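The values are calculated or read from the model by the stated rules, or taken from the named source; none is laboratory data. Since we're looking at a predicted model, the values are computed, not measured. Don't worry about glycine lacking a Cβ; one is built from the backbone with ideal geometry, like all the others, and counts go over all protein chains shown. The protein model used for the area step is the full one, side chains on, heavy atoms only, and it has no ligands, DNA or RNA in it. Shrake-Rupley method; radii C 1.70, N 1.55, O 1.52, S 1.80 Å.
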Amino acid sequence: MLNIAVLVSGGGTNLQAILDSQARGENPNGRVTLVVASKPGVYALERAANAGVESVVVSRKNYEDSAAFDAALLGTLQSHHIDLVVLAGFLSVLGPSVVQAYPNRILNVHPALIPSFCGPGMYGLHPHEAALARGCKVTGATVHFVNEECDGGPIVLQKAVDILPGDTPETLQKRVMMEAEWKLLPKAIRMVCDGEI
């Protein structure tokens, strides 16, 4: 049984999809044992509490530099015996010390079909804005392993989502979450916990 930490920065919709999948018994070889938020007061912390999952806040602004933040985050993960780290809308970039401590054990979900609309600055609504501005007919989501290159790790799963006439960044974001992110992320977690990848 792998101990899973989910790292969040906001509402926690991807966290909820993971917890719901777990509640349905879809990941018998892994369990979310910790939620780490990048700031206090985010709704994801309430979701963790509702599911009976321990949560902590490790805020970048509380540390003098990124190395100190990484050390605090890594210490938190290691003290909770975490085997798999899942970035579910976590807006702080993980430094080399964290990435190297969990080789092929950090998953991230990205709201685009990598290699399109990814890399520094491509988070939140930005990938959807970029896809619409480019006139794309299809976008989607990608789950990938995290390495030291932003959105550059090996791809685990991808799912395409149609862009519809009249889409706004907000409507597209919601459809990508519902049709792709909320399905791909629990599946990728299960695949890692089952030893499939």
- Go through Ala112, Ala160, Ala180 for me and flag whichever is in contact with a His (Cβ under 9 Å, 6 or more places away or on another chain) and touching a residue at least 24 places away in the same chain (Cβ under 8 Å). Ala112
- Item | Search result, residues across region 73-92 that are assigned to a loop (DSSP other than H, G, I, E, B) and over 24 Å from Gly11 (Cβ atoms) | His81, Asp83
- Of all residues in region 15-72, how many are open to solvent by 40 Å² or more (accessible area, probe 1.4 Å), modelled with pLDDT of 95 or more, part of a helix (DSSP H, G or I) and small (Gly, Ala, Ser)? 3
- Query: Taking region 73-86, which residues are in contact (Cβ under 8 Å) with a residue 60 or more places away in the chain and open to solvent by 40 Å² or more (accessible area, probe 1.4 Å)?
  - Reply: His80, His81, Asp83
- Could you check region 93-197 for strands (runs of 3 or more DSSP E) lying wholly inside it with 3 or more residues that are open to solvent by less than 50 Å² (accessible area, probe 1.4 Å) and β-branched (Val, Ile, Thr)? 138-145
